[in-house]
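The values are calculated or read from the model by the stated rules, or taken from the named source; none is laboratory data. Model, not experiment: these values are computed from the prediction. Cβ coordinates were reconstructed from backbone atoms using ideal geometry, including for glycine residues, and neighbour counts include every protein chain displayed.
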């Protein structure tokens, strides 16, 4: 979870901060720009004249072999000094387009490379252009992989990247990966290739075990950050005690997050590690840590700002079980520094009052793994007057949300997850809760809300009360469900959101929706970059509205909607401006997708079938994933992926 | 908090119409919509194209769609684990038969503990012992073998094995709920799937819990 944007304590802005808007997304580099075209080494904006290239070695613009004019050393130095101040990738991309010398200077000085789709560019190309990278951020599978919609073995292995980055960037310090497959052997390459390595962040990744973690712990002597967030950790044959592999001396650790690594470990080793890590500020432990053990950790790390509490349950059968007041003492001691609390992975609600001493200072609280009733939650909420980020299960109920609305007037981000994530579940929150939040939390910027009952009125109210909304994700879990009061589609509600929330960049829709909703989205959603659609719309017009209207659209994911080839083709002129388009279980045919592939050479069009052995319906496409790419069709595609 | 069925206002037939491709204006037929269906089973979209595309074979009345609602499996599995172990707690405990292992594992698949065909190591602690041990539960066919192995491992700590009275010990384990359970109550396979770690208690705490030697 994140510290709020205006916090003065230094946040560590990695992908592993789910509370933060995906800042990295803002820095996307559209590879279709001329500056990255290898064959398009046509003249820059200056026409025939061009300023001398700065360094003939590597980096710089590809494609023009031969000798360079002697560089203007003074200009080069000035330029590079100035460019050092540019950190946002978007700014850097712009600077690189000015002229060749700027392109080359920027390529030399870029320190962080963000690749939103690991297949959009080849590792070799990235390595060739950028000489001095210190950090690489890579994203792999499309987001719908989180929901089992991308078959296993699809791809996004990090190995080609690690193989390329190793020799090229011995001074590399930071790697952040999201939705990629990382093996233990690839992890083992990190300490070998990068002796100055500092930060590893793996979000929603898979493929590694404690063996790989042990190599990282042991080999990366300057490690500051090891953040493992929502990775898929498979039970192994032999669990390695990786915690005890950290070096014996004082470490530079600032952040250690491993709540998703749900295997037992040597607690004494962790306690000792924490004791010899004076810079540690973020610690999130897994559910094998009891309250008694948590207290010991907190005693060793009195300056923690972010704490993941583990199970939040007492050691079973232990004679020395902590009392609530004992635990409260521990939290009282932490109150000065603690701003972000999470964990509660197997919570015993009796212990909740122990956190009251820190609640007033908390800006971020994550109860989304704690099955707690509203009666148990409300007293806690009532203490959290400064809360900015709140993640909770829907067991909080509409009453609990009312308490949030009354107490947390500064709230910026709310996520309400379903305890029972099925369509027929009872659902404990509704439009009532949403309406209450909208009235109490006027500064809301981001909301994710799972429910079973919703009304247009409540959504419209939110659009009017919370004009600062940037992210609006509403999931009405029953498919095609209309307004519970009027029985009408949810068109007007979502229409009001796009119309009134002028800063909206991310939208997920649900419920019964007709083409009208998408007409609204196209008409008003001018800043929308990410759109998620499921079980919605009447016809291909919906897609057309979106493509024609949402000029800033970068990521579109669609499932189970009545859209076909016509809708797909309506996006032809826009696909190059987007990072990707995903569509599954709609009405596409191979021919339609093939048409797109044929007309757009810089697009990779992948189609997949759910059941490759089906003889009937050979022409239909179950899953489509298309994305712009400079690398051409990938060579590691498995059998079930057909690249058109 | 309990939603009445009327709150849902939801009907199969109308959904079909909503997704139908037609020339009429959307929303033209909304007026005849007020349904009387109950909440619950509304899965049968016979003609709905989407239904054919469902990967997950619907077991009975409710066809759950793959990946819907969109909650990461990481989250889903945490709560399946909690809710399944709660339902196990109320299931009647069968009398355990020594050599029989034929009992199938009950309820939802527990995520972590059931080894993927490899091994299933759990920590074993004994009160007063200087360090813990690890055993592979899959090595043992039943409780007797397990007990023998534990005795071999640990009773050395208590000095001469002959002087040790087994009823001074109770072998317990921590299950998925975090509760301390006596080993031997449930079928061995169920025990294997819920056991997170083991603890051999001795002394006054153990006496009276009954020697589980069967």
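Counting the residues of region A:245-270 that are buried (at least 17 other Cβ atoms within 10 Å of the Cβ) and away from chain B (no Cβ under 13 Å) gives 10.
Each residue in region A:215-240 was checked for being surrounded by fewer than 21 Cβ atoms within 10 Å (Cβ to Cβ) and either more than 23 Å from residue A:198 (Cβ to Cβ) or in contact with a helix residue (DSSP H, G or I) (Cβ under 7 Å, 6 or more places away or on another chain) (or both), and 11 of them qualify. Within region A:422-447, residues that are closer than 24 Å to residue B:66 by Cβ sit with their Cβ atoms under 8 Å from residues that are in a helix (DSSP H, G or I), at 6+ positions apart or across chains, in these pairs: A:427/A:394.
For region A:413-422, which residues satisfy the criterion of being more than 7 Å from chain B (Cβ to nearest Cβ) and over 18 Å from residue A:471 (Cβ atoms)? Steps first, please.
Step one: of region A:413-422, the residues more than 7 Å from chain B (Cβ to nearest Cβ) are A:413-416, A:420.
Listed by number, the list holds a single entry, A:420.
Table: residues versus (1) under 25 Å from the mean Cα position of the chain (by Cα); (2) closer than 19 Å to residue A:119 by Cβ; (3) without any contact (Cβ under 8 Å) to a residue 24 or more places away in the chain.
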residue	(1), (2), (3)
A:540	no, no, no
A:547	yes, no, no
A:570	no, no, no
A:580	yes, yes, no
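To keep it simple, each residue is scored yes or no on (1) within 28 Å of the chain's Cα centre (by Cα); (2) outside any loop (DSSP other than H, G, I, E, B); (3) modelled with pLDDT of 95 or more.
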| position | (1), (2), (3) |
| --- | --- |
| A:263 | yes, no, no |
| A:271 | no, yes, yes |
| A:284 | yes, yes, yes |
| A:287 | yes, no, no |
| A:308 | yes, yes, yes |
| A:325 | no, yes, no |
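When residue A:210 is tested against (1) more than 20 Å from residue A:258 (Cβ to Cβ); (2) touching a residue at least 24 places away in the same chain (Cβ under 8 Å), just one condition goes unmet, and that condition is (1).
In this structure, is residue A:455 facing another protein chain (nearest Cβ under 9 Å) and surrounded by fewer than 24 Cβ atoms within 10 Å (Cβ to Cβ)? Before the answer, list the steps.
On the way: facing another protein chain (nearest Cβ under 9 Å): no; surrounded by fewer than 24 Cβ atoms within 10 Å (Cβ to Cβ): yes.
Judged against the criteria, residue A:455 is not a match.
For region A:418-437, name all the residues that are under 23 Å from the mean Cα position of the chain (by Cα) and buried (at least 24 other Cβ atoms within 10 Å of the Cβ). Scanning region A:418-437 gives a single hit, A:418.
With the structure loaded, tell me whether residue A:568 is assigned to a helix (DSSP H, G or I), at pLDDT 95 or above and crowded, with 17+ Cβ neighbours inside 10 Å or whether it fails that test. Here the answer is yes, as residue A:568 does meet what is asked.
Residues of region A:141-160 that are free of Cβ contacts under 8 Å to residues at least 40 places away in the same chain, at positive phi and more than 9 Å from chain B (Cβ to nearest Cβ): A:156 alone. Within region A:626-644, the set of residues being in contact with a helix residue (DSSP H, G or I) (Cβ under 9 Å, 6 or more places away or on another chain) and assigned to a strand (DSSP E or B) comprises A:626, A:627, A:628, A:642, A:643.
Residues that are out of contact with any helix residue (DSSP H, G or I) (no Cβ under 9 Å at 6 or more places or on another chain) and within 14 Å of chain B (Cβ to nearest Cβ) were ranked within region A:458-477; the one that is nearest to residue A:530 (Cα to Cα) is A:473. Of all the listed residues (A:504, A:543, A:512), the sole one being under 20 Å from residue B:68 (Cα atoms) and buried (at least 24 other Cβ atoms within 10 Å of the Cβ) is A:512. Return the residues of region A:139-164 that are touching a helix residue (DSSP H, G or I) at 6+ places or on another chain (Cβ under 7 Å), assigned to a loop (DSSP other than H, G, I, E, B) and surrounded by fewer than 20 Cβ atoms within 10 Å (Cβ to Cβ); say none if nothing qualifies. Selection gives A:148 alone.
Considering only region A:241-256, how many residues are part of a strand (DSSP E or B) and either under 15 Å from residue A:208 (Cβ atoms) or more than 27 Å from the chain's Cα centre (by Cα) (or both)?
Taking region A:241-256 and keeping what is part of a strand (DSSP E or B), we get A:255-256.
Cutting the leftovers down to either under 15 Å from residue A:208 (Cβ atoms) or more than 27 Å from the chain's Cα centre (by Cα) (or both) gives us none.
Total meeting the criteria: 0.
Counting the residues of region A:551-565 that are in a helix (DSSP H, G or I) and more than 14 Å from every other protein chain (Cβ to nearest Cβ) gives 0. A count restricted to region A:165-189 and to residues that are over 17 Å from residue A:112 (Cβ atoms), within 14 Å of chain B (Cβ to nearest Cβ) and out of contact with any helix residue (DSSP H, G or I) (no Cβ under 7 Å at 6 or more places or on another chain) stands at 0.
Does region B:118-137 hold any residues that are buried (at least 18 other Cβ atoms within 10 Å of the Cβ) and away from every other protein chain (no Cβ under 12 Å), and which are they? So that I can check it myself, show each step before the final result.
Looking only at region B:118-137, we keep the residues that are buried (at least 18 other Cβ atoms within 10 Å of the Cβ), and these are B:120-122, B:124, B:126, B:135, B:137.
Within region B:118-137, B:126, B:135, B:137 meet the criteria.
With the condition kept exactly as written, say whether any residue in region A:438-449 is in a helix (DSSP H, G or I), more than 14 Å from chain B (Cβ to nearest Cβ), buried (at least 24 other Cβ atoms within 10 Å of the Cβ) and modelled with pLDDT of 95 or more.
Within region A:438-449, not a single residue is in a helix (DSSP H, G or I), more than 14 Å from chain B (Cβ to nearest Cβ), buried (at least 24 other Cβ atoms within 10 Å of the Cβ) and modelled with pLDDT of 95 or more.
Selection within region A:501-520: residues that are assigned to a helix (DSSP H, G or I) and over 26 Å from the mean Cα position of the chain (by Cα). The member of this set that is farthest from the other protein chains (Cβ to nearest Cβ) is A:520.
Here's the yes/no breakdown for (1) touching a strand residue (DSSP E or B) at 6+ places or on another chain (Cβ under 6 Å); (2) assigned to a loop (DSSP other than H, G, I, E, B); (3) modelled with pLDDT under 95:
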| residue | (1), (2), (3) |
| --- | --- |
| A:337 | no, yes, no |
| A:346 | no, yes, yes |
| A:354 | no, no, no |
| A:358 | no, no, no |
| A:365 | yes, no, no |
| A:375 | no, no, no |
| A:382 | no, no, no |
| A:391 | yes, no, no |
| A:406 | no, no, no |
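Scanning region A:226-240 for residues that are part of a loop (DSSP other than H, G, I, E, B) and either facing chain B (nearest Cβ under 10 Å) or at pLDDT below 90 (or both) turns up A:230, A:231, A:233, A:234, A:235, A:236, A:237, A:238, A:239. Checking the structure you have, find out if any residue of region A:478-486 is buried (at least 23 other Cβ atoms within 10 Å of the Cβ) and more than 10 Å from every other protein chain (Cβ to nearest Cβ). There is no residue in region A:478-486 that is buried (at least 23 other Cβ atoms within 10 Å of the Cβ) and more than 10 Å from every other protein chain (Cβ to nearest Cβ). Within region A:92-109, is even one residue under 18 Å from the mean Cα position of the chain (by Cα) and either modelled with pLDDT of 85 or more or surrounded by fewer than 21 Cβ atoms within 10 Å (Cβ to Cβ) (or both)? No: zero hits.
When residue A:410 is tested against (1) surrounded by fewer than 21 Cβ atoms within 10 Å (Cβ to Cβ); (2) within 14 Å of chain B (Cβ to nearest Cβ), exactly one condition is not met: (2).
Check region A:231-240 and report whether any residue there is within 17 Å of the chain's Cα centre (by Cα) and more than 30 Å from residue A:80 (Cα to Cα). Yes: region A:231-240 contains one or more residues that are within 17 Å of the chain's Cα centre (by Cα) and more than 30 Å from residue A:80 (Cα to Cα).
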